[in-house]
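Engineer: The structure follows.
The values are calculated or read from the model by the stated rules, or taken from the named source; none is laboratory data. Note that the structure is a prediction, hence the values are computed from the model and not measured. Neighbour counts are summed over all protein chains in view; Cβ atoms, including those assigned to glycine, are modelled from backbone coordinates with ideal geometry. Areas reflect the complete protein model, heavy atoms only, side chains present, ligands, DNA and RNA absent. Shrake-Rupley method; radii C 1.70, N 1.55, O 1.52, S 1.80 Å.
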Amino acid sequence: MFNLILFGPPGSGKGTQSEKLIASYGFKHLSTGDILRNEIKNGTALGLEAKNLMDRGQLVPDAVVIGMIRTALEQNPGVNGFLFDGFPRTNAQAEALDALLDEKNTAIDVVLALQVSKKELIKRLLNRGLTSGRTDDVNESVIGSRIEEYERKTAAVADHYKKLDKVVYIPGEGSVDQIFTSLSNEIDTRS
Ligand code: B4P
């Protein structure tokens, strides 16, 4: 089993690269952003709570997303490995994930951290907002809040995994295919 975290700020290419990695390696994709957007689409109570926060560029409470990941892990026994996309986003989420994987006698193998300048992140997200219908992509001040949340709460997650010597930084600017090749090379040397 090979478990990977695709890490980086909003708009760094996590969702984009996840699609390609899943197609190539057959990982089970767990994107907390996708799960939350699905809850919103289905009009659940959780979705309503999440929408309020996501529309303001804020993180959803740890207990909610940890519960979602616990359920997803239980629903997918016997997979070859998980690709965590957009999770963990706080140290509490990272600690909970490590414990959940430990219960299953497995662990995170590597954290691939995409590095993209703030200017490029804003450009990409505004551009996606033109067509995606995502309410958190259309407004530059909401995008700014998401980047701030990343800097205040999420960047520290890399330090958590650095202590375990599991973080590899990948330049996240350039063509989608170039970045995919860099990510694949790191996975291939470890799996
Ligand atoms: P997410 O769904 O995780 O989305 P994201 O971080 O905004 O974007 P991602 O990084 O996947 O996008 P990508 O670059 O692929 O989170 C949304 C919200 O959900 C959060 O703000 C939060 O409120 C909530 N949430 C999710 N998980 C949570 C958690 N664990 N805890 C608490 N709250 C949580 O795509 C961006 C654009 O860039 C696309 O248009 C793409 O085409 C383009 N792009 C990608 N690669 C490119 C390249 N190489 N060159 C040019 N453009 C590129």
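Engineer: Quick one: count up the residues across the range 61-105 that are out of contact with any Leu (no Cβ under 8 Å at 6 or more places or on another chain), open to solvent by less than 60 Å² (accessible area, probe 1.4 Å), farther than 24 Å from GLN17 by Cα and hydrophobic (A, V, I, L, M, F, W, C).
Structural biologist: Total meeting the criteria: 3.
Engineer: I need the full set of residues from the range 58-86 which are touching a residue at least 60 places away in the same chain (Cβ under 8 Å) and among the aliphatic types (A, V, I, L, M), in order please.
Structural biologist: Matches in the range 58-86: LEU59, VAL79, LEU83.
Engineer: Here's something else I'd like to know. Test ALA113 against the criterion of being in contact with a Phe, Trp or Tyr (Cβ under 8 Å, 6 or more places away or on another chain) and farther than 26 Å from ALA23 by Cβ, and give yes or no.
Structural biologist: Judged against the criteria, ALA113 is not a match.
Engineer: Output the residue which, of all residues in the range 154-191 that are away from the ligand (no atom under 14 Å from the Cβ) and of a type in the set (S, T, N, Q), is least open to solvent (accessible area, probe 1.4 Å).
Structural biologist: SER184
Engineer: Using the structure shown, decide if GLY13 is without any contact (Cβ under 8 Å) to a residue 60 or more places away in the chain and either over 18 Å from GLN115 (Cα atoms) or not acidic (Asp, Glu) (or both).
Structural biologist: Against the criterion (without any contact (Cβ under 8 Å) to a residue 60 or more places away in the chain and either over 18 Å from GLN115 (Cα atoms) or not acidic (Asp, Glu) (or both)), GLY13 does not qualify.
Engineer: Now, a different point. Quickly run through the range 114-134 and pick out the residues that are aliphatic (A, V, I, L, M) and assigned to a helix (DSSP H, G or I).
Structural biologist: The answer is LEU121, ILE122, LEU125, LEU126.
Engineer: Return the residues of the range 84-96 that are within 10 Å of the ligand (Cβ to nearest atom) and not small (Gly, Ala, Ser); say none if nothing qualifies.
Structural biologist: Scanning the range 84-96 gives PHE84, ASP85, PHE87, PRO88, ARG89, THR90, GLN93.
Engineer: So, of the residues in the range 36-58 that are part of a helix (DSSP H, G or I) and near the ligand (Cβ under 8 Å from one of its atoms), which turns out to be most open to solvent (accessible area, probe 1.4 Å)?
Structural biologist: Residue satisfying both the conditions and the ranking: ARG37.
Engineer: Are there any pairs with C-beta distances below 6 angstrom linking a residue in the range 137-161 that is among the acidic types (Asp, Glu) to a residue that is within 9 Å of the ligand (Cβ to nearest atom) and open to solvent by 20 Å² or more (accessible area, probe 1.4 Å), with the two at least 6 apart or on different chains, and if so which?
Structural biologist: Between residues of the range 137-161 that are among the acidic types (Asp, Glu) and residues that are within 9 Å of the ligand (Cβ to nearest atom) and open to solvent by 20 Å² or more (accessible area, probe 1.4 Å), the close pairs are ASP137/ARG128; GLU149/LEU59.
Engineer: Hey, can you tell me all the residues within the range 16-28 that are open to solvent by less than 40 Å² (accessible area, probe 1.4 Å) and near the ligand (Cβ under 10 Å from one of its atoms)?
Structural biologist: GLN17, SER18
Engineer: Just wondering, is there one or more residues in the range 133-153 that are on the phi > 0 side of the Ramachandran plot, surrounded by fewer than 12 Cβ atoms within 10 Å (Cβ to Cβ) and modelled with pLDDT under 95?
Structural biologist: yes
Engineer: Got a number for residues in the range 97-147 being touching a Ser or Thr at 6+ places or on another chain (Cβ under 8 Å) and more than 10 Å from the ligand (Cβ to nearest atom)?
Structural biologist: Number of matching residues: 2.
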